[in-house]
Amino acid sequence: MKKTFVLDTNVLLHDPSAIKRFEDNEVVLPITIIEELDRFKKNPDETGRNAREVSRLLDKLRQQGSLVDGIALEHDGVLRVSLCHRETLSELPLELEGDKADNEILAVALEQKRRCNCPVILVSKDTNLRIKSDTLGLAAEDYETDKIDVEGLYSGMTEVLVDAEAFTKLFQTGSIALEGNFYPNQALTLVDSANPAHTALAIVKGESNQIMPLPKLPYHGISQIHARNREQQFAFNLLLNDHISLVTLVGKAGTGKTLLAAAAGIHKVADEHRYSRLLIARPIVPMGRDLGYLPGDIGEKMNPWMQPLFDNFDLIFGSQDTTSKPSHWRRGHEELIERGLLEIEPLTYIRGRTLPKQFLIVDEAQNLTPHEVKTILTRAGEDTKVVLTGDIAQIDNPYVDAASNGLAYVVERFKAEAIAGHIILHRGERSTLAARASELL
């Protein structure tokens, strides 16, 4: 049976193509959504761009006929724009009276339920609106087209039981073939079935089932940073592998995601000259109450947002303690910036660019929508490596959650691709206090 889906504005702001995602069913847009899109379209961020994209799509569709009567979509679907009638709005409970956009969307959904002999479902990413809908006897759902099973999120690692003969062959010939289903570039811990204390670190070579020993890291570390645990060794291997174009690192605070990525980027750019520049970007999403507009030029405005990155550079260059430094001493990353080897900027300026032969790190990627991540990845030019880091348990963007953010979305979509690698970092290495805080609080 066909269904009628009434969409909230936030669904379209989250995914401008949402109108096309409901197959052969009817999609209804309350007229108040058009007003809200008009208000959001002036924003310079991704929300504004999405609003403009939806407006252009609706303008294109209206040329095919009347939006009120219905426009045919792909897969036999239908799109309609519905007016909100005063009499229906007045029937809402006293607490929901008024011309508030949410109330008008509820009124349209109630009208659709009365006129339609099919199931009517309100689709919204607003938890409170879904609760209101339920109290009015309306079915409500979250927009789950791009939802990921967080509990089953691909970790990038697994343990495999092997016999002693396999261990010997691995280190004598440099590779072995194992039965089983492995993902490209998956990190393996080989465990001796006869002696579980005997283990070895290995990695799947591309799309084949060939298993290779994990390459050893330099004795002096990568940009003076040493891997402190097995997960970090796996992560460094992916970051240093030039055949892998996309690396995703997920982990809680203090696991070393950004530090490892920055250390590998500096090594590849400044030491090996494999890439022309290290470009680091972060989404401008505040944690907690925003401080408002900041004074100064672009560098001064960006400084509070980029300070976590500077902290990592201080650790890499050993410049945390400036008391023993001469007056002419400069922070290491500033020299890299002057030499054109390092660039730090907000994601706002990534759109429209082409980035060839660069080592691109996108920090705090859990605050991005799938559409925003797609925009970033499609900026990558020839020989560019992209690293996405973030903690899907710490999301400050109100339009995404742990299951719908761009970072988790990319992990699941790219896990079977030979050009991609992924690791979830579990063990905190920032300090004993930071590790215990992540566990207990």
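Test of understanding: what is the full-extension gain from THR173 to ARG62, defined as 0.36 nm times their sequence separation minus their Cα-Cα distance?
Length gained, THR173 through ARG62: 33.4 nm.
Amide H of ARG277: which non-local residues (sequence gap of 5 or more, or other chain) have their own amide H closer than 5 Å, using H built in the peptide plane?
PHE359
What net charge is computed for the residues neighbouring LEU239, neighbours being all others with C-beta under 9 Å from the C-beta of LEU239, Lys and Arg scored +1, Asp and Glu -1?
Counting the neighbours of LEU239, the net charge comes to +2.
Which angle from 0 to 90°, rounded to the nearest 10, does the C-alpha axis of helix 46-62 make with the longest principal axis of the chain?
On a 0 to 90 degree scale, this one is about 40.
Lysines near LYS132 by alpha-carbon distance under 18 Å, same-chain residues fewer than 8 away left out - which ones?
LYS100, LYS113
Could you give me the radius of gyration and the Dmax of the chain, taking only the C-alpha atoms into account and expressing both in angstrom?
Values for the chain (Cα only, Rg and Dmax): 25.6, 81 Å.
So, in Å, what gap is there between the alpha-carbon centers of segment 142-159 and segment 185-236?
Their Cα centres are 23 Å away from one another.
From the cross-link list LYS2/LYS374; LYS268/LYS415; LYS20/LYS357; LYS205/LYS357; LYS147/LYS257, which pairs have alpha carbons spaced over 26 Å apart?
Over 26 Å apart, Cα to Cα: LYS2/LYS374; LYS20/LYS357.
How long are the three semi-axes of the equivalent ellipsoid of segment 390-441, in whole Å, if each is the root of 5 times an eigenvalue of the C-alpha gyration tensor, listed from largest down?
The answer is 25, 17, 7 Å, longest axis first.
How long are the semi-axes of the equivalent ellipsoid of segment 46-87, defined as square roots of 5 times the Cα gyration tensor eigenvalues? Whole Å, largest first.
Sorted largest first and rounded, they come to 20, 17, 9 Å.
Please turn the phi angles of segment 390-399 into ³J(HN,Hα) values with the Karplus equation 6.51 cos²θ - 1.76 cosθ + 1.60 (θ = phi - 60°), one per residue in order, whole Hz, x for glycine and proline.
Along segment 390-399, the couplings run x, 10, 6, 8, 10, 10, 9, 7, x, 8 Hz.
Tell me, in nm to one decimal, what length is gained between ALA416 and GLU207 on full extension, where the rule is 0.36 nm per residue of separation less the Cα-Cα distance?
74.4 nm
Computed over the Cα atoms of segment 166-277, what is the ratio Rg over Rh, Rh following Kirkwood?
0.99
Apply the Karplus curve 6.51 cos²θ - 1.76 cosθ + 1.60, θ = phi - 60°, to the phi angles in segment 240-251 and return the couplings in whole Hz, x for Gly and Pro.
Coupling constants for segment 240-251: 8, 7, 6, 7, 9, 8, 9, 10, 10, 10, 10, x Hz.
If we count every other residue with Cβ under 12 angstrom of GLU87's Cβ, Lys/Arg +1 and Asp/Glu -1, where does the sum land?
Overall, the nearby charge balance is 0.
Based on the Cα coordinates of segment 4-141, what is the per residue volume of their convex hull in Å³?
With only Cα atoms used, segment 4-141 gives 105 Å³ per residue.
So what's the projected area for segment 360-414, the Cα convex hull averaged over all directions, in nm²?
Hull-based average projected area comes out at 3.5 nm².
At LEU96 and ARG427, where each label point lies 7 Å from the Cα along Cα→Cβ, what is the point-to-point distance in nanometres?
In this crude label model, LEU96 to ARG427 measures out at 5.2 nm.
Apply the Karplus curve 6.51 cos²θ - 1.76 cosθ + 1.60, θ = phi - 60°, to the phi angles in segment 269-281 and return the couplings in whole Hz, x for Gly and Pro.
With coefficients 6.51, -1.76 and 1.60, one gets 8, 8, 9, 8, 6, 6, 10, 6, 7, 9, 10, 10, 9 Hz.
Multiply the residue separation of GLN224 and ALA164 by 0.36 nm, subtract the distance between their alpha-carbon atoms, and state the gained length in nm to one decimal.
Result for the pair: 18.1 nm of gain on full extension.
None of the figures in this text is laboratory data; all of them are computed from the coordinates on show. Note that the structure is a prediction, hence the values are computed from the model and not measured. So basically every Cβ, Gly included, is an ideal-geometry build from the backbone, and we count neighbours across all protein chains shown.
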